[in-house]
Amino acid sequence: MLRVYNTLTREKEEFKPLEPGKASIYCCGVTPYNDPHIGNARPFVTWDVVRRYLEKKGYAVHYVQNFTDIDDKIIRRAKEAGETWKELADHYIAEYFKAIDALNVRRADAYPRVSEHIADVLAVIEKLIEKGYAYALDGDVYYSVERFAGYGKLSGRSLDDMQAGARVGVDERKHHPMDFALWKAAKPGEPSWDSPWGKGRPGWHIECSTMSMKYLGETFDFHGGGSDLIFPHHENEIAQAQACTGDDHSFARYWLHNGFITIHDEKMSKSKNNFFTVKDILEKYAGEVVRFFIVQTHYRSPLDFTDERLVEAKTSLARLKNSWDNAAELSSRKDESSGSAKSLLAAAMEAKAAFYEAMDDDFNTALAISHLFSLSKEINIYYNEVTTGAAAFDAANFAKVRAVYAEMAEVIGIFEAKEEKAADGLVDSLMELLLNLRQKAREEKNWALADHLRDELKARGVVIEDTPQGARWKRA
């Protein structure tokens, strides 16, 4: 039974899909005015794992993620760069896809852009005005928070506390200091669209209420994003959507939020010079390592980003990859017996059950990965038994073990980097050539050349292991 922590109710709940056998997800996307940073990466890797797991459990998943492609930051940055807002947004959307591809994040089913849904936004705003939840003011349109009885239920804040903490200088034209913009009147030189209230553009929050309901319906299963979005963004989304469809209408049924990423225990900030883009990080670490670093920690827990922790993640992933390679090597053997892998298969099934139990507990990847390591250790023990001749190879049972290991790895999203797969054939061919050259040198007792080849490969991150069945190689 899958249980998830719902920010709205502040407790773990059994996941009961709106439609049997289906799961609908909306995740707030980026505002594409800069290269995606490590803080952006965490929710998208997190939801990729959630989606993979739901699919593994048999759900047909419909996953939607938006782009806020028109925004104050985009307008300002485009002006500085001397290009249009669309050119800037298109460029950074392309950079976003490069980043998530490197992190093994599978594409969403839809990536709606705000700029392509202005008519839908206008229709929702008009409905909110008609129902008395919004008001027009000099070309702007504001949401009236006092009209929505449930305002503050997601974040646990009260309007009285919010009003007491409101900034000095708040727009006194508004009915309440916390009223927020649904539509912003156009300023000179800014992009704008026609509306019943004059030229302007959408406010930040209305877009996600509009697009999530358009693509997933007035009620859907999961809504997610970073913890920083709980207030005001997600709070305002609920207010808009439920006012539009009816106060008792649930909108998103489960709200999931990932924890913050800190840099050496400090909040990431350009002013502190600790702001890291995914592109920067990928210059030092493989995308799979960055992904593994993220999923090693439960998604709701804080995650501290340091070089030391990335190195630890790299080392840990290499241990799992070594077992992956050992399993592949065993599976290519021609000899075959039966029975020797029965206990290994039992251990694999036990690890799989524990893995699923951990994932069923609010997608606890940290605990799930520990069971992946347990199976990794058992595979290595069996590999050593077979390659040293202590056990005959049990092909039938081992194939099932390998399938379990692959299934667990697929949920976590490792061992599937596209660039590695594309190059595997050439790399294998070249390494076979080098190993043959080294073997020939050994046969001719040219130990200097054999050792030189081994040492040069090691310096380049390739380890040669001499086994009774011959030499084999692996990445360090």
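DSSP beta bridges in the chain, what fraction antiparallel, as a percent rounded to 5? Working shown, then result.
Working: 24 of 45 bridges.
Counting DSSP beta bridges with both partners in the chain, the antiparallel share is about 55 percent.
Once you charge only the Cβ atoms, +1 for Lys and Arg and -1 for Asp and Glu, what is the size of the charge dipole of the stretch 1-127 about its Cα centre, to the nearest 20 debye?
600
How far, in nm, would the chain grow between ALA318 and LYS73 when pulled straight, counting 0.36 nm per residue and subtracting the alpha carbon separation?
Numbers: separation 245, 0.36 × 245 = 88.20 nm, distance 4.01 nm.
Separation in residues times 0.36 nm, less the Cα-Cα distance, equals 84.2 nm.
Run through every distinct alpha carbon pair of the chain and return the Kirkwood hydrodynamic radius in angstroms, one decimal place. Could you put the intermediate results ahead of the total?
On the way: mean 1/r = 0.0395 Å⁻¹.
For the chain, inverting the mean 1/r across all distinct Cα pairs yields 25.3 Å.
Can you tell me, using C-alpha contacts under 8 Å and at least 6 residues apart, the relative contact order of the chain as a whole percent?
Numbers: 697 pairs, mean separation 75.2, N = 476.
Once normalised by length, the contact order is 16 percent.
Which angle between 0 and 90 degrees, to the nearest 10, do you get for helix 365-387 versus the longest principal axis of the chain when only C-alpha atoms count?
In the chain, helix 365-387 runs at an angle near 10 degrees to the longest axis.
Between ASP307 and ALA60, what is the spin-label point distance in nm, taking each point 7 Å from the Cα along the Cα→C-beta axis?
Each label point is offset 7 Å from its Cα along the Cβ direction, giving 5.0 nm.
Determine the dipole magnitude for the chain: charges of +1 sit on the beta-carbon of Lys and Arg, -1 on that of Asp and Glu, nothing else is charged, the reference point is the Cα centre, and the result goes in debye to the nearest 20.
On the way: 63 positive and 75 negative charges, 119 e Å.
Charge dipole, the chain, about its Cα centre: 580 debye, nearest 20.
What percentage of the solvent-accessible surface of the stretch 246-322, computed with a 1.4 Å probe over protein heavy atoms, is contributed by carbon and sulfur atoms? If you can, show how the numbers build up before the last one.
Details: 1860 of 3780 Å².
Result for the stretch 246-322: 49 percent of the exposed heavy-atom area is carbon or sulfur.
Farthest toward the dipole's positive end in the stretch 201-252, which of THR245, MET211, PHE231, given Cβ charges of +1 (Lys, Arg) and -1 (Asp, Glu) about the Cα centre?
Selected residue: MET211.
Using only the alpha-carbon atoms, how far is helix 85-102 inclined from the longest principal axis of the chain? Give it as 0 to 90 degrees, nearest 10.
Approximately 30 degrees, to the nearest 10.
Which entries of LYS127/LYS174; LYS279/LYS474; LYS131/LYS184; LYS314/LYS334; LYS279/LYS458 have Cα-Cα distances beyond 22 Å here? All intermediate terms of the calculation are to be shown ahead of the outcome.
Values: LYS127/LYS174 19 Å; LYS279/LYS474 27 Å; LYS131/LYS184 20 Å; LYS314/LYS334 33 Å; LYS279/LYS458 27 Å.
Beyond 22 Å: LYS279/LYS474; LYS314/LYS334; LYS279/LYS458.
Classify the stretch 1-131 as rounded, prolate or oblate, taking a ≥ b ≥ c as the square roots of the eigenvalues of its Cα gyration tensor: rounded when a/c is under 1.5, otherwise prolate if a/b is larger than b/c and oblate if not. Please list the in-between numbers first.
Details: a/c = 2.32, a/b = 1.43, b/c = 1.63.
Note, shape of the stretch 1-131 comes out oblate.
Rounded to a whole number, what % of the accessible area of the stretch 87-176 do carbon and sulfur atoms account for, probe 1.4 Å? Walk me through the numbers on the way to the answer.
On the way: 2040 of 4520 Å².
It is 45 percent, rounded to a whole number.
Which whole-number percent is the relative contact order of the stretch 287-412 (Cα, under 8 Å, 6+ apart)? Kindly include the intermediate steps, with their values, before the conclusion.
Working: 127 pairs, mean separation 44.8, N = 126.
After rounding, I find 36 percent.
Can you pull the one-decimal nm distance between simple spin-label points at SER338 and GLU130, each 7 Å off the Cα toward Cβ?
7.1
In terms of Cα to Cα distance under 22 Å, which lysines are near enough to LYS22, apart from those fewer than 8 places away along the same chain?
LYS12, LYS56, LYS57, LYS214
Please compute the per residue accessible area over the chain with all protein chains in place, 1.4 Å probe, rounded to a whole number of Å². Show your work: numbers first, answer last.
On the way: 22080 Å² over 476 residues.
Value returned for the chain: 46 Å² of accessible area per residue.
What angle do you read, to the nearest 10 degrees and between 0 and 90, between the alpha-carbon axis of helix 118-130 and the longest principal axis of the chain?
50
Can you tell me the order of 206-213, 136-143 when each peptide is scored by its average per-residue count of other Cβ atoms within 10 angstrom, highest first?
Put in order of decreasing packing, that is 206-213, 136-143.
So if I place +1 on the C-beta of Lys and Arg and -1 on the C-beta of Asp and Glu, and nothing else carries charge, what would the dipole magnitude of the stretch 321-388 be about its Cα centre? I want it in debye, nearest 20. Spell out each step's value before the answer.
On the way: 6 positive and 11 negative charges, 56 e Å.
Using only the charged Cβ atoms, the result is roughly 260 debye.
The values are calculated or read from the model by the stated rules, or taken from the named source; none is laboratory data. A quick note: this is a predicted structure, and the numbers were derived from the prediction, not measured. Quick reminder, even Gly has a Cβ in these numbers, built from the backbone with ideal geometry, and neighbours come from all protein chains shown. Accessible surface is based on the protein model in full, side chains and every heavy atom, while ligands, DNA and RNA are left aside. Shrake-Rupley method; radii C 1.70, N 1.55, O 1.52, S 1.80 Å.
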